[in-house]
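Reviewing the structure listed below.
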Amino acid sequence: MTQKIGIGRAHSKIILIGEHSVVYGYSAIALPLKNIEVVCHVQSSDQALEIDIADPLSTAVFAALEFLDKADEKISVQIESNVPAKRGMGSSAAVAIAAIRAVFDYFDQSLTLPDLEILANQAEIIAHENPSGLDAKTCLSDTAIKFIRNLGFSEMAMDLEACLVIADTGIHGHTREAVAKVRNLEEKALPYLHRLGKLANTIEIGILAKDLLIVGQAMSQAHHELNQLGVSSPEANRLVGVAQAQGALGAKMSGGGLGGCIIALCRHQEEAVALATELEKEGAVNTWIENL
């Protein structure tokens with residue numbers, strides 16, 4: 001008799017614009033990375049699952065089991081992830097979503113999107129203490145998500161007929177430290193944050209107008225402001241410089257900073273592939289290409 005296996009999947013995400021300024025009331029735009037996935041398998045086990053309340057995966061599985069009134073069931077959980085952790089790509093949210101879906105699939109239970117989002121955000125609290133919900137929202141979406149603090153989320157149509165190259169610096173991002181660094185600047189940070197907020201609005205206008213030059217130029221300007229704030233890293237600055245030298249329409253760090261990934265905008269797939277190859281030659285430990 002074939003053993004029952006529950007399967008759950010989720011994709012990752014990346015921040016296009018809005019790092020740090022979003023904390024101060026400006027908009028942020030996040031993109032789903034539908035080709036970068038996490039897959040979770042759940043099956044029966046002879047032993048009870050050990051729950052680590054400090055681990056988002058354990059928290060997500062436990063939350064799902066409790067929701068289904070199956071907390072005493074003996075299961076094992078296996079994760080296969082193409083999403084690197086601590087790179088600003090929504091790894092913890094994607095893992096939580098995939099795990100919750102796998103638990104529900106294992107028990108042949110239907111799962112509504114609102115319930116899935118609530119359960120995923122419970123796990124995100126473990127990973128990020130006070131999450132905005134943007135990671136989970138974007139990892140659950142097939143379209144771009146705009147977020148404004150205290151106002152909430154809205155979907156954005158994305159049809160730029162362009163490509164985004166994501167390059168991993170190989171350095172863990174340190175979002176909490178970066179946020180604290182900006183906070184400690186106090187009033188000195190405000191001009192940079194204001195300019196970043198305006199650049200987020202500019203990029204939104206460029207997306208609506210399908211104007212790649214506007215979007216790309218604003219991305220590069222945003223990187224300059226973030227670097228001036230002190231939240232970039234030498235590795236990210238190097239890769240951004242490589243992307244700009246290779247003719248990318250724009251490039252910037254993405255996520256909390258002090259490590260993580262950079263993103264670069266290209267007109268065509270061929271340009272994106274060539275840029276990804278060059279970025280790996282220049283130190284990126286991995287690259288991905290997403291159609292916009």
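With the Cα gyration tensor of the range 26-149 in hand, give its eigenvalues times 5 under a square root as the equivalent ellipsoid semi-axes, listed largest first in whole angstrom.
25, 14, 14
I'd like the accessible area for residue 192, computed on protein heavy atoms only with a 1.4 Å probe and all protein chains in place. Round to 10 Å², please.
Surface accessible to solvent at residue 192 totals approximately 60 Å².
How long, wide and thick is the range 107-191, going by the Cα atoms along their three principal axes, in whole angstroms, largest first?
For the range 107-191, the Cα extents along the three principal axes come out at 52, 37, 33 Å.
Would you mind giving the average projected area, over all directions, of the Cα convex hull of the chain in nm² with one decimal?
Average projection, Cα convex hull of the chain: 15.6 nm².
How high is the FRET efficiency from residue 151 to residue 183, r the C-beta distance, R0 22 Å, rounded to 0.05?
E between residue 151 and residue 183, to the nearest 0.05, is 0.55.
Just the number, please: carbon plus sulfur as a percent of the accessible area of the chain, 1.4 Å probe, no ligands or DNA/RNA counted.
48 percent
Go through 160-166, 90-96 and give me the packing order, highest mean Cβ count within 10 Å leading.
In decreasing order of mean packing, 160-166, 90-96 become 90-96, 160-166.
Using only protein heavy atoms and a 1.4 Å probe, report how much of residue 174 is accessible, in Å² to the nearest 10.
Only protein atoms counted, so the area is about 70 Å².
How large is the translational diffusion coefficient of the range 159-291 in µm² per second when you combine the Kirkwood radius over alpha carbon pairs with Stokes-Einstein at 25 °C and 0.890 mPa s?
166 µm²/s
Which whole-number percent gives the relative contact order of the chain, counting Cα pairs below 8 Å spaced six or more residues apart?
Value for the chain: 22 percent.
Counting only helical runs of four or more DSSP H residues, what would the 222 nm mean residue ellipticity of the chain come to if each run contributes -39,500 (n - 2.57) and the total is spread over all its residues?
-13500 deg cm²/dmol
Provide the per residue accessible area, probe 1.4 Å, for the chain, rounded to a whole number of square angstrom.
Accessible area per residue, the chain: 47 Å².
For residue 208 and residue 35, what does the FRET efficiency come to when R0 = 30 Å and r is the distance between their Cβ atoms, rounded to the nearest 0.05?
Computed FRET efficiency for residue 208 and residue 35: 0.75.
What accessible surface, in Å², does a 1.4 Å probe find on residue 186, ignoring ligands, DNA and RNA and rounding to the nearest 10?
140 Å²
The values are calculated or read from the model by the stated rules, or taken from the named source; none is laboratory data. Just so it is clear, the model here is predicted, and its values are computed rather than measured. Here Cβ is always computed from backbone atoms with ideal geometry, including for glycine, and neighbour counts include all displayed protein chains. Note: areas computed on protein heavy atoms with side chains; ligands, DNA, RNA excluded. Shrake-Rupley method; radii C 1.70, N 1.55, O 1.52, S 1.80 Å.
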